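Please treat every number below as a calculation from the coordinates, not as lab data. Everything numeric here is computed off the predicted structure, so don't read it as measured data. Positions of Cβ are backbone-derived with ideal geometry, glycine not excepted, and every protein chain shown enters the neighbour counts.
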Amino acid sequence: MPRLRLVFAGTPDFAVPGLHACLSADAEVVAVYTQPDRPAGRGRKLAPSPVKHAALEAGIPVEQPESLKTPDAQARLRAYAPDLLVVIAYGLILPRRVLATPRLGCWNVHASLLPRWRGAAPIQRAILAGDANTGVCLMQMEAGLDTGPVLLSESTPIRPDDTGGTLHDRLADLGARVLAEGLQRVGAGEVLPATPQPAAGATYAHKLDKAEAKLDFTRPASELARKVRAFDPWPVAEAELAGERVRVWAAQACAAGTGDAQPGTLVHASKTGIDIACGAGMLRILKLQRAGGRAIGAADYLNARTELRTP
């Protein structure tokens, strides 16, 4: 049986394990599509995406169109004669003509258990919502946003200490594993069953906005602790702490009562943490960052702000 001709489309770190899965499969990766180089760093110099870097290391031709809507871009994709287009966090819309180009259509690896958390930020939204589980789906793409039938899926629990970063890395590896299984089975001649997504339970994972990062202490401490975890490593939660704006990197919810303390009041501060009254419970800040500084533990912060220490 002839080897599958694959085109891979992806851009950020999350997509790199999936590209490696394609390169390890019994298939031929004929091209990699990724977004154009973007300014990065303090110097704002153009930098390649993580997927481009991995593709060049593997000696795979790289395409970086600004859009796939133009006739020229679509003709170039057709020239590669792909059997299958694998898409992971590419970041560009695939028009119907592109979806119809590969013989086997287009696959997408999505970081949620569809139909929950369709959209741009499924990893962080799952943590914010307090979901007990999440996972990855290998989906047959169609014109709707993350609405296509699911070919394979695998779940994983969301651990109490998971951050947006740790869950991102685990789901990237899990997605690569599911993709590798799908490629192996299709390469062996199997037709994967396509299960339509149920209409019930669909939710949308809106793109993260830095304006969401501010901690509102009128909210329950449990909700704010989830936000701190979800927004690590980006955009990072922010709070007003005794007149100073800080970034909060680690915190935990405490059920202890706060008496008559108003939300936002510093209730207790020691080397074990800085306790802030919330709408329900207290938020204990464990790791934080002052403007222009690095992330430090609560004890080191209080060494600089000794006036905040409580008995």
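Name the shape class, rounded, prolate or oblate, that the alpha-carbon gyration tensor gives for the range 33-180, where a ≥ b ≥ c are the square roots of its eigenvalues, rounded holds for a/c under 1.5, and otherwise prolate holds if a/b is larger than b/c and oblate otherwise. The shape class here is oblate. Residue exposure proxy: V16, V62, V136, ordered by other Cβ atoms within 10 angstrom of their Cβ from fewest to most, comes out as V62, V16, V136.
Using a cutoff of 8 angstrom between alpha carbon atoms and counting only pairs six or more residues apart, the relative contact order for the range 210-308 works out to 26 percent. In a DSSP loop and with at most 14 other Cβ atoms within 10 Å, the trypsin sites (Lys or Arg not before Pro) in the range 19-82 are R42, R44, K69.
With a ≥ b ≥ c the root eigenvalues of the C-alpha gyration tensor of the range 171-311, is it rounded (a/c under 1.5), prolate (a/b larger than b/c) or oblate? Provide the component values of the computation, followed by the final result.
Numbers: a/c = 3.26, a/b = 2.32, b/c = 1.40.
Taking the square roots of the gyration eigenvalues as a ≥ b ≥ c, the range 171-311 is prolate.
Once you list every other residue whose beta carbon is under 15 Å from the beta carbon of A256, what net charge do they have if Lys and Arg are +1 and Asp and Glu are -1?
Cβ neighbours under 15 Å give a net charge of -1.
Considering only V186, P196, Q74, the residue lying farthest towards the positive end of the dipole of the chain is Q74, judged by Cα position with unit charges set on Cβ.
Comparing G130, G59, G119 in a Gaussian network model of the chain (Cα springs below 10 Å), the most mobile by mean-square fluctuation is G59. If you take all C-alpha pairs in the chain, what percent of them are over 34 Å apart? Taking all Cα-Cα pairs of the chain, the fraction more than 34 Å apart is 34 percent. Estimated purely from DSSP H runs of n ≥ 4, each contributing -39500 (n - 2.57), the mean residue ellipticity at 222 nm for the chain is -7500 deg cm²/dmol once divided by its residues. The HN-Hα couplings worked out from phi for the range 207-217 by the Karplus form 6.51 cos²θ - 1.76 cosθ + 1.60 (θ = phi - 60°) are 4, 5, 10, 4, 5, 6, 6, 5, 7, 9, 6 Hz, whole numbers, x standing for Gly and Pro.
Among P82, P39, P17, which one moves the most in a GNM of the chain with springs linking Cα atoms closer than 10 Å? Looking only at P82, P39, P17, the biggest GNM fluctuation is shown by P39. When peptides 270-279, 140-149 are ranked by their average number of other Cβ atoms within 10 Å per residue, the highest-first order is 270-279, 140-149.
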